[in-house]
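Right, one structure below, let's go through it.
The values are calculated or read from the model by the stated rules, or taken from the named source; none is laboratory data. Quick caveat: nothing in here was measured; it's all calculated off a predicted structure. Every residue, glycine as well, gets a Cβ built from its backbone with ideal geometry; the counts of neighbours run over all protein chains shown.
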C-alpha cells in the first residue's frame with residue numbers, strides 16, 4: 001500500500017552526524033529539510049573520538065551548546081604507544097588556527113544530541129523510515145521510503161543528500177560503488193568498564209597502541225566520561241581469522257598480546273559483547289550527480305586510525321550546504337569543482353598519512369627522539385583534523401614532506 005507523493009525542499013537520508021549538521025546548516029538558510037532515518041535513535045555506532053576541526057562545523061550548525069552541555073569526555077590530543085615507547089600530541093599546540101579541543105563520545109548519545117538539535121532548528125526527522133528505491137533521472141530526485149509498518153511512500157525533493165554512512169544507500173541503489181584501493185581490513189571492538197587506575201592513563205586523549213610484533217596491527221582505547229571506554233583492534237582479515245571463539249574472546253586474546261595495554265586494562269569489566277566489521281574501506285565513482293550529493297562515509301571511508309570519519313562527514317555537510325546556498329542565491333555551482341574536489345583534497349591528505357601509518361613510516365616519525373617542535377605542531381594540526389589548511393606544508397605536500405622526514409629519521 002502506498003500514499004501520494006510528498007514534496008520537500010531538501011531530503012536527507014540518514015540522521016547521523018553528517019545529516020544532522022547538514023540539516024542545521026540548511027535550516028539557518030531557511031530551507032525546508034526532511035530527514036529519513038532507518039534506525040530508531042539512540043542506536044549504537046562506532047567512531048567515538050572526534051577531532052577539534054569538527055567543532056567548527058558543530059558551532060556553525062548552531063549545535064555547540066547542545067554538545068557542550070551533554071557532558072561528553074573532554075579531549076585535547078592523541079597518544080601513541082609501541083613496545084614501551086610513548087609519544088603524544090596536544091592539539092592545542094598546533095600549526096593551524098582553530099579549535100584545539102573536542103570530545104570523546106558514545107555515539108548513541110552524541111548522534112541523538114545532534115539529531116534532536118536539528119529537530120529543534122526546524123528540520124523534520126522520521127525514524128524507522130528506510131529508503132528502498134531512488135530515481136535521480138528527472139528534474140527532481142524521487143525516493144521510495146518504507147516505514148515501520150511496511151507502508152511505502154514516494155518523496156520528491158529539490159535536492160537529495162545521502163548521509164547514510166556505512167549504509168551507503170545511494171551508492172548501492174544507483175550502482176555508484178567502486179572498490180577501495182586500501183587492503184581489506186577488519187575491526188573487532190567493544191565498550192568496557194575500564195577501571196584504569198588514576199594517573200596511569202590520560203583520559204583527555206585517545207590512545208593508539210601498535211601491536212608489539214606486527215606494526216600494521218593496532219588497538220584503540222577511547223575513554224568516556226563515565227568510566228567506560230571504547231576498545232578495538234584493526235588488522236588484516238588474515239590476522240583476525242587466526243583467533244577463534246566469540247568476538248569478545250578473540251578481542252581479549254589479541255589485547256593480551258600487548259603487555260602495556262593488557263596491564264592498563266587488568267581490572268576491566270568486559271560487559272558488552274564485542275562486534276566485528278570487515279572491509280569497511282569504501283569508494284564511489286562520483287560524490288555527486290543530478291540533484292544529489294553524497295556526504296561523509298556514504299561517499300568514501302578510509303580507515304579509523306586517525307579518527308577522521310566524523311570530521312570528513314562534517315566537512316562534506318558544510319561544503320554541500322554552501323553549494324546549495326549559492327544555488328538558491330542564483331549562482332552557478334559546479335558540484336565537481338565546488339564540492340567534490342575541495343572535499344577530496346582533505347581526504348587525500350588523510351589518505352597520505354593513513355598509507356604512511358600502515359607502511360610503518362609515520363610510526364617511525366612520531367616515535368623519533370629528536371623530532372622538531374615545529375614539525376610536531378604541523379603534524380599535530382593534521383591529527384586534529386585540519387587537513388584542508390594548505391598553509392601547513394604537511395597538508396600542501398603530504399607525501400613529499402613525509403618522505404623527507406623519513407630520510408631525516410634514518
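Before moving on, here are some points about what is shown:
- Residue 338 falls short on exactly one of the conditions (1) crowded, with 16+ Cβ neighbours inside 10 Å; (2) more than 30 Å from residue 197 (Cα to Cα); (3) touching a residue at least 24 places away in the same chain (Cβ under 8 Å), and that condition is (3).
- Single match in 316, 381, 321 (criterion: over 18 Å from the mean Cα position of the chain (by Cα), assigned to a helix (DSSP H, G or I), touching a residue at least 60 places away in the same chain (Cβ under 8 Å) and crowded, with 23+ Cβ neighbours inside 10 Å): 321
- Single unsatisfied condition, residue 53 versus (1) surrounded by fewer than 24 Cβ atoms within 10 Å (Cβ to Cβ); (2) touching a helix residue (DSSP H, G or I) at 6+ places or on another chain (Cβ under 7 Å); (3) modelled with pLDDT of 95 or more: (1)
- Test for residue 105: is it at pLDDT 95 or above and touching a strand residue (DSSP E or B) at 6+ places or on another chain (Cβ under 8 Å): yes
- In this structure, residue 269 does not satisfy being touching a strand residue (DSSP E or B) at 6+ places or on another chain (Cβ under 9 Å), closer than 30 Å to residue 142 by Cα and in contact (Cβ under 8 Å) with a residue 12 or more places away in the chain.
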